[in-house]
1. Could we say that S31 is of a type in the set (S, T, Y) and surrounded by 12 or more Cβ atoms within 10 Å (Cβ to Cβ) here?
2. Mind checking which residues of the range 1-25 are under 23 Å from S63 (Cβ atoms) and assigned to a loop (DSSP other than H, G, I, E, B)?
3. Please enumerate the residues belonging to the range 54-78 that are at pLDDT below 95 and either in contact with a helix residue (DSSP H, G or I) (Cβ under 6 Å, 6 or more places away or on another chain) or not in a helix (DSSP H, G or I) (or both).
4. Quick one: what pairs do we get from the range 36-54, first residue under 25 Å from M20 (Cβ atoms), second surrounded by 10 or more Cβ atoms within 10 Å (Cβ to Cβ) and of a type in the set (F, W, Y), C-beta under 9 Å, 6+ apart or different chains?
5. Consider K51 against the criteria (1) of a type in the set (D, E, K, R); (2) in a loop (DSSP other than H, G, I, E, B); (3) modelled with pLDDT of 90 or more: it satisfies all of them except one. Which criterion is unmet?
6. Determine whether I24 is more than 30 Å from K73 (Cα to Cα), surrounded by fewer than 15 Cβ atoms within 10 Å (Cβ to Cβ) and either touching a Phe, Trp or Tyr at 6+ places or on another chain (Cβ under 9 Å) or among the β-branched types (V, I, T) (or both).
7. Scanning for something within 8 Å of the chain's Cα centre (by Cα) and in a helix (DSSP H, G or I), does the range 26-38 turn up at least one residue?
8. Out of the residues in the range 39-48 meeting the condition of being touching a Gly at 6+ places or on another chain (Cβ under 8 Å) and assigned to a helix (DSSP H, G or I), tell me which one is farthest from P72 (Cα to Cα).
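The values are calculated or read from the model by the stated rules, or taken from the named source; none is laboratory data. Here the structure is a predicted model, which means the values were calculated and not measured. A quick note on method: Cβ atoms are made from the backbone with ideal geometry, for glycine too, and the neighbour counts reach across all protein chains shown.
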Amino acid sequence: MDKRNLAFDKTNFILLAVGMAVVIIGFILMSGGESTEQAYDPSIFSAMRIKVAPAVAFLGFVSMIYAIIRKPKDAKAE
């Protein structure tokens, strides 16, 4: 059966899925308790929420962009 010349191959979809999982992990790391008028939660200013989690999410978005612009190895110019 002829393989159609598709923009994405299996590797692109795997990279997209991994990138999306990394983004979701980054957002989960950012979540947590909240401060209210009655109770102050100092963990909202933890290094995990302010530095690590946004960096993880950013790396996930960058990897998704790479997965989108990556050309399949077996793409033939016709």
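1. Answer is no for this residue.
2. Hits for the range 1-25 are L6, A7, F8, D9.
3. Result: A67, R70, K71, P72, K73, D74, A75, K76, A77, E78.
4. A53/F27
5. (2)
6. Judged against the criteria, I24 is not a match.
7. Scanning the range 26-38 turns up at least one residue that is within 8 Å of the chain's Cα centre (by Cα) and in a helix (DSSP H, G or I).
8. S43
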